[in-house]
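A.B. asks: The following block contains the structure, expressed as structure tokens.
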Amino acid sequence: MVNGILNVYKEAGWTSNDVVSKLKGIVGQRKIGHTGTLDPDAEGVLPVCLGKATKLCGSLTDERKTYEAVLLLGVTTDTQDASGTVLRRCEIEELPEEDRIRGTIAGFIGRQMQIPPMYSARKVGGQRLYDLARQGVTVEREARPVYFYEIAVHSIDLPRVRFSVTCSRGTYIRTLCHDIGSRLGCGGCMEYLLRTQVGPFLLGEAVKIGRLQELRDAGRLAEAIVPIDRMYASLPSCRTGADSDAAAHNGNEIPAEALTADEGAERIRLYDSEDRFVGVFKMTPGAGGYRPEQMYYDPDPTGI
């Protein structure tokens with residue numbers, strides 16, 4: 001089994017599940033999961049976890065995300081993006097002045113309550129909202145707290161506003177565009193979206209599906225796979241002696257004195273005597289040893 005993370009550049013027209021389905025064929029295994037849905041029309045960073053790295057899907061979904069977007073003012077749609085049916089349109093002469101636009105956008109920085117759009121993968125009563133929306137059904141959605149750490153306006157060329165935003169998980173940028181337009185009184189929708197960062201994964205390092213296929217065919221796919229232990233690079237690294245390898249592999253408690261480079265840290269990256277990553281271990285009460293917090297050891301990893 002292949003274990004690690006691929007920093008995939010999702011292209012427009014692909015759903016996040018399309019990417020996962022394609023990668024199952026490229027990698028040759030079914031245990032693959034993405035780390036948060038990116039709209040079909042959007043592009044950019046989509047970390048995809050392979051094998052035992054799927055245990056990281058939840059934590060990577062929780063990471064901060066950064067986007068570049070284009071807000072189209074004066075146009076309101078049913079999907080909150082430019083691909084939807086236009087519900088309202090304002091003439092450019094009716095749009096607010098630049099200073100007011102900048103001030104309104106700045107007012108979204110910090111904690112906000114956001115209502116998920118009807119055209120989204122959220123579930124209400126066990127049904128996906130987008131399935132209900134396609135049936136012409138609109139239901140009440142509970143507003144959820146989101147956080148905007150930074151919003152920077154890069155240019156205003158009415159009716160378009162280009163900006164970047166760093167935000168918490170669960171945030172819909174098209175809903176942010178819709179809400180900005182509503183607050184300005186002219187309406188607005190998202191015309192373009194590019195995700196540039198998810199936690200440590202950057203746009204400049206993202207690889208398109210076509211390139212991953214080329215690497216696979218050349219026997220070089222491993223070059224694109226980020227090892228699991230890199231996600232824990234901030235933790236101190238410890239190793240077991242050969243006589244403790246079996247205990248570590250089986251997820252048993254490891255005495256502190258059996259570890260090399262132990263500095264008494266509460267959490268450590270544990271490797272066996274052959275430098276194979278075992279997992280994250282946490283100090284037991286009384287500091288007598290370390291027990292597994294998350295195991296990643298694979299006795300039979302597959303090379304790519």
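A.B. asks: Tell me which residues, restricted to the range 202-214, are open to solvent by 10 Å² or more (accessible area, probe 1.4 Å) and outside any loop (DSSP other than H, G, I, E, B).
C.D. replies: Applying the first criterion (open to solvent by 10 Å² or more (accessible area, probe 1.4 Å)) to the range 202-214 yields 202-208, 210-211, 213-214.
Residues satisfying the conditions are L202, L203, G204, E205, V207, K208, G210, R211, Q213, E214.
A.B. asks: Please work out if G44 is at positive phi, touching a residue at least 60 places away in the same chain (Cβ under 8 Å) and either of a type in the set (D, E) or part of a loop (DSSP other than H, G, I, E, B) (or both). Quick ask: steps written out before the conclusion?
C.D. replies: Details: at positive phi: yes; touching a residue at least 60 places away in the same chain (Cβ under 8 Å): yes; either of a type in the set (D, E) or part of a loop (DSSP other than H, G, I, E, B) (or both): no.
Taking the combined requirement at face value, the residue does not satisfy it.
A.B. asks: Let me ask something additional. Hey, can you tell me all the residues within the range 51-62 that are in contact with a strand residue (DSSP E or B) (Cβ under 9 Å, 6 or more places away or on another chain) and either aliphatic (A, V, I, L, M) or in a loop (DSSP other than H, G, I, E, B) (or both)?
C.D. replies: A53, L56, L60
A.B. asks: Okay, moving on. Give the residues of the range 182-223 that are farther than 17 Å from K24 by Cα, touching a Gly at 6+ places or on another chain (Cβ under 8 Å) and of a type in the set (G, A, S), sorted by residue number.
C.D. replies: S182, G187, G188, A206
A.B. asks: Within the range 181-199, which residues are surrounded by fewer than 23 Cβ atoms within 10 Å (Cβ to Cβ), within 26 Å of the chain's Cα centre (by Cα) and modelled with pLDDT of 95 or more?
C.D. replies: Once the filter is applied, which keeps residues that are surrounded by fewer than 23 Cβ atoms within 10 Å (Cβ to Cβ), within 26 Å of the chain's Cα centre (by Cα) and modelled with pLDDT of 95 or more, the range 181-199 yields E191, Y192, L193, L194, T196, Q197.
A.B. asks: Test E150 against the stated conditions and say whether it is surrounded by fewer than 16 Cβ atoms within 10 Å (Cβ to Cβ) and assigned to a loop (DSSP other than H, G, I, E, B).
C.D. replies: no
A.B. asks: I would also like to ask the following. Which of the residues spanning the range 67-87 are in contact with a helix residue (DSSP H, G or I) (Cβ under 6 Å, 6 or more places away or on another chain) and at positive phi?
C.D. replies: The one that is in contact with a helix residue (DSSP H, G or I) (Cβ under 6 Å, 6 or more places away or on another chain) and at positive phi: Q80.
A.B. asks: In addition: If I ask for residues that are small (G, A, S) and either open to solvent by 70 Å² or more (accessible area, probe 1.4 Å) or not in a strand (DSSP E or B) (or both), which ones from the range 63-108 would you list?
C.D. replies: G74, A82, S83, G84, G103, A106, G107, listed by residue number.
A.B. asks: Would you point out which residue out of R230, R195, R239 is within 17 Å of Y297 (Cβ to Cβ) and part of a strand (DSSP E or B)? Please lay out each step first, then the result.
C.D. replies: Details: R230 fails: part of a strand (DSSP E or B); R195 fails: within 17 Å of Y297 (Cβ to Cβ).
After applying the criteria, what remains is R239.
A.B. asks: Would you mind stating whether Y297 is surrounded by 14 or more Cβ atoms within 10 Å (Cβ to Cβ), of a type in the set (S, T, Y), in contact with a strand residue (DSSP E or B) (Cβ under 6 Å, 6 or more places away or on another chain) and under 23 Å from E63 (Cα atoms)?
C.D. replies: Judged against the criteria, Y297 is not a match.
A.B. asks: Which condition number does R230 fail, the rest of (1) open to solvent by less than 50 Å² (accessible area, probe 1.4 Å); (2) under 21 Å from the mean Cα position of the chain (by Cα); (3) within 19 Å of M1 (Cα to Cα) being met?
C.D. replies: Going through the list (1) open to solvent by less than 50 Å² (accessible area, probe 1.4 Å); (2) under 21 Å from the mean Cα position of the chain (by Cα); (3) within 19 Å of M1 (Cα to Cα), R230 breaks only (1).
A.B. asks: Taking the condition of being within 18 Å of T76 (Cβ to Cβ) and in contact with a helix residue (DSSP H, G or I) (Cβ under 6 Å, 6 or more places away or on another chain), how many residues in the range 106-124 meet it?
C.D. replies: So the count comes out to 5.
The values are calculated or read from the model by the stated rules, or taken from the named source; none is laboratory data. Note that this is a predicted model, so its numbers are computed, not measured. Neighbour counts are summed over all protein chains in view; Cβ atoms, including those assigned to glycine, are modelled from backbone coordinates with ideal geometry. The accessibility values were calculated without ligands, DNA or RNA, using every heavy atom of the protein model including side chains. Shrake-Rupley method; radii C 1.70, N 1.55, O 1.52, S 1.80 Å.
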